[in-house]
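The values are calculated or read from the model by the stated rules, or taken from the named source; none is laboratory data. Computed from a predicted model, the values in this text were never measured in an experiment. Here the Cβ positions follow ideal geometry from the backbone for every residue, glycine too, while neighbour counts run over all protein chains shown.
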Amino acid sequence: MRSAIARALRGTLAAVSLLAFVGLFFALEARVTSPTVLLGLAAVGVVSLLATTGRSGIQRLLGRANSDPDSHGETAAEDDAWLDESAGDTPWTDRADRAGAETDWWLARLEPALDDAWNRWSDAALTVGLAALGVGSLVLIATYSGGDPPLGLLLLVAFGLNGALVTLPFLFKSD
């Protein structure tokens with residue numbers, strides 16, 4: 001019983017961390033959010049990541065840790081070699097589409113950091129969080145007192161509701 005509760009809490013915190021960091025990214029890109037909101041999103045993301053994965057998750061996010069400690073010195077090019085092809089013959093798109101710990105973009109390093117903690121509870125929390133973001137933005141648009149609502153709210157409605165619909169099938173997959 002205790003491990004089921006711990007697994008549910010860990011999965012939910014992993015999704016909260018993902019949502020907080022993605023929200024922080026969008027807020028930084030929009031450049032219209034107050035520093036207090038930015039610091040709050042960063043704090044929620046870091047605290048939930050720390051609670052979910054420990055110090056190793058923070059180190060992976062910062063790009064200071066090995067993304068796969070079991071690789072035993074294998075390079076990414078060796079891992080990408082297709083069946084009987086050499087690493088040099090592997091299409092560049094196959095290698096470029098994978099974000100490892102060596103990437104310079106901090107948001108791409110979030111997935112490997114959360115990989116061990118992600119479970120069905122994470123899928124459920126992510127779906128509910130994205131749906132709440134979309135519906136909440138729709139409510140803000142409906143109650144907006146000005147003339148034209150901000151375009152950012154319309155984008156949040158689209159991203160939130162579409163994201164929730166995209167993640168919905170993951171709730172019903174078999175393990």
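Collect the residues in the range 134-155 that are without any contact (Cβ under 8 Å) to a residue 60 or more places away in the chain, assigned to a helix (DSSP H, G or I) and under 22 Å from Glu29 (Cα atoms), keeping them in residue-number order.
Within the range 134-155, Gly134, Val135, Gly136, Ser137, Leu138, Leu140, Ile141, Leu151, Leu153, Leu154, Leu155 qualify.
If I ask for residues that are surrounded by fewer than 16 Cβ atoms within 10 Å (Cβ to Cβ) and either within 19 Å of Arg31 (Cα to Cα) or under 19 Å from the mean Cα position of the chain (by Cα) (or both), which ones from the range 156-175 would you list?
Answer for the range 156-175, where residues must be surrounded by fewer than 16 Cβ atoms within 10 Å (Cβ to Cβ) and either within 19 Å of Arg31 (Cα to Cα) or under 19 Å from the mean Cα position of the chain (by Cα) (or both): Ala158, Asn162, Leu165, Val166, Leu168, Pro169, Phe170, Leu171.
Conditions tested, residue by residue: (1) among the aromatic types (Phe, Trp, Tyr); (2) farther than 15 Å from Leu18 by Cβ; (3) modelled with pLDDT under 80.
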{"residue": "Ser86", "(1), (2), (3)": "no, yes, yes"}
{"residue": "Ala101", "(1), (2), (3)": "no, yes, yes"}
{"residue": "Leu110", "(1), (2), (3)": "no, no, no"}
{"residue": "Ala113", "(1), (2), (3)": "no, no, no"}
{"residue": "Asp116", "(1), (2), (3)": "no, no, no"}
{"residue": "Leu140", "(1), (2), (3)": "no, yes, no"}
{"residue": "Tyr144", "(1), (2), (3)": "yes, yes, no"}
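Suppose we keep only residues that are under 22 Å from Ala15 (Cα atoms) and charged (D, E, K, R) within the range 100-151. Which one would you say is nearest to the chain's Cα centre (by Cα)?
Here the residue is Glu111.
Kindly indicate whether any position in the range 52-59 is free of Cβ contacts under 8 Å to residues at least 60 places away in the same chain, among the charged types (D, E, K, R), farther than 22 Å from Arg120 by Cβ and assigned to a helix (DSSP H, G or I).
Looking for residues that are free of Cβ contacts under 8 Å to residues at least 60 places away in the same chain, among the charged types (D, E, K, R), farther than 22 Å from Arg120 by Cβ and assigned to a helix (DSSP H, G or I), one finds at least one in the range 52-59, hence yes.
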